[in-house]
Structure formats: structure tokens, C-alpha cells
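Student: I'd like to ask you about the structure that follows.
The values are calculated or read from the model by the stated rules, or taken from the named source; none is laboratory data. Note that the coordinates shown come from a computational prediction; the quantities given were computed from them, not determined experimentally. Here the Cβ is made from the backbone with ideal geometry for all residues, glycine too, and neighbour counts use every protein chain on show.
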Amino acid sequence: MRPEPTLDQSRILIVDDDADLLRLIADFLAGHGYLVDTAANVAEMRMRINGQRPDLIVLDAMMPGEDGLSAARSLAADGGPPVIMLSALGSDTDRIVGLEVGADDYLAKPCNPRELLARVRALLRRQRAGRAAEAGGVYEFAGWTLDPLRRLLKDPRGTLIELSDNDFSLLRSFVEHPQKVLSRDQLLTLSGSDREVYDRAIDSQISRLRRKLNERSATELIRTVRNEGYLLLPAVRRL
């Protein structure tokens, strides 16, 4: 049985005529909580998109019939979802061509599944950031304010607090899902970590973020839930 999807409900469509590779990638991404659909060619891809639009497409460059380059070009022209292109051709020229026709990222085969996962997370993070910028608004919790568009955090006294990119993305994940227990893997996905991170590293990152918040807060903000994950305690409202 596949695990429950991550809280962001991201749906990924994988398009490849290699059935074994298709299954391998699908199982790996599903194992990290994504909703995964598959297609063996571009025609099937278009049917899947018409049925339910994915948040991201992993697209093989070379397939029988219409190839991935042509598909990426048409997806970009139609304002389709972001594309990570996979190809056995890994030269600089091939990569440039793939990006020029509309792919958002390009990865040579054979690829490490963890590298693909990192690129999926990074691309979805950029997509969420773009949506947040379009929506605008500032989050307020326990007197703190977080501005995702301007990447600003202010404590209850109005003092600007400096955060690293990773800490900022992590805090944004908490305020977007307040008063919900988030597992380590959910936090990795929601924050869009673009590198391989182990449980201990996530624990250290959260400890660092919590320490910065606790220095300027009289109340506990982030609580550890034993054997489950972490929880942002205060309610959050959007200003």
C-alpha cells in the first residue's frame, strides 16, 4: 500500500516508454508521499492532463511517436505544468536544447532517484513561491508576521529577524499548515529541500529555527510530537 500523500497534495505525471524505469520512478516518488500518475507516451500524457492536471511532469525526451521535446514545447506554449526532462543524451548542447524548448529542468539518464526527488522538490517549491507571490498577503501568528513575497520575518516587537533560505522555507511550511503535526518527510517536501537531508539534519534545522524564535517569544511556538513530527502551536491568520 502506498503512503498517504503529503499535505501539499502535489500530483506528478511521469511519461516514459521504458516500463521498468517508469515503475521505478513512480514507486520512488509515491514512496515519498506524492500522488503519481504514469503515461507510456505523449498521447497518453495528454489524456492524463485532460483528466486531471498534474502539478509537475517528468518527461522522457526520446519516445516513439511524438517525442518529449515536441511535447515540452507545446506544454510551454499552452501554459502547462512545469517539466523535468529526462534524456539519455546528457551533453551541454542536448541540455540547452531541452531547456530552450520549454523544459524547466533537465536530467541525464541514468539518474539517481534521490537527485530527481531533490529537483522535484525544488521545482515545486518555486511553483508554490510563485503562487504565494500572486496571492500576496502576510501571515500573522502569536504576534509574529511572515511575508513570503518579501521574505521578511518580524517578531512581536516589529524587529526584523534574519533567517537562512532553509529556515525561512521551513517556517513557511509551518505557517501554511498550522496546528497540524508534520512529519520529517512532509517538512522536507513542503519546504522543497533541494538536497538529501536525513532525519537528524531536519531535527537540527528545526532546533535552530526554534531557538531563534524562542529568543524573542515568551511562549512555545513549535512543539515536538514524539514519534510523529513537529507542530506549530499558535493559530495563523492571513493579513
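Student: Among the candidates A71, A118, A61, which residue alone is within 26 Å of L188 (Cα to Cα) and either among the hydrophobic types (A, V, I, L, M, F, W, C) or at pLDDT 90 or above (or both)?
Tutor: A118
Student: Next question, about the same structure. Taking the condition among the basic types (K, R) and within 21 Å of L124 (Cβ to Cβ), does R73 pass?
Tutor: no
Student: Starting from residues that are of a type in the set (S, T, N, Q) and modelled with pLDDT under 90, keep the ones in the range 149-178 and report whichever is farthest from the chain's Cα centre (by Cα).
Tutor: S164
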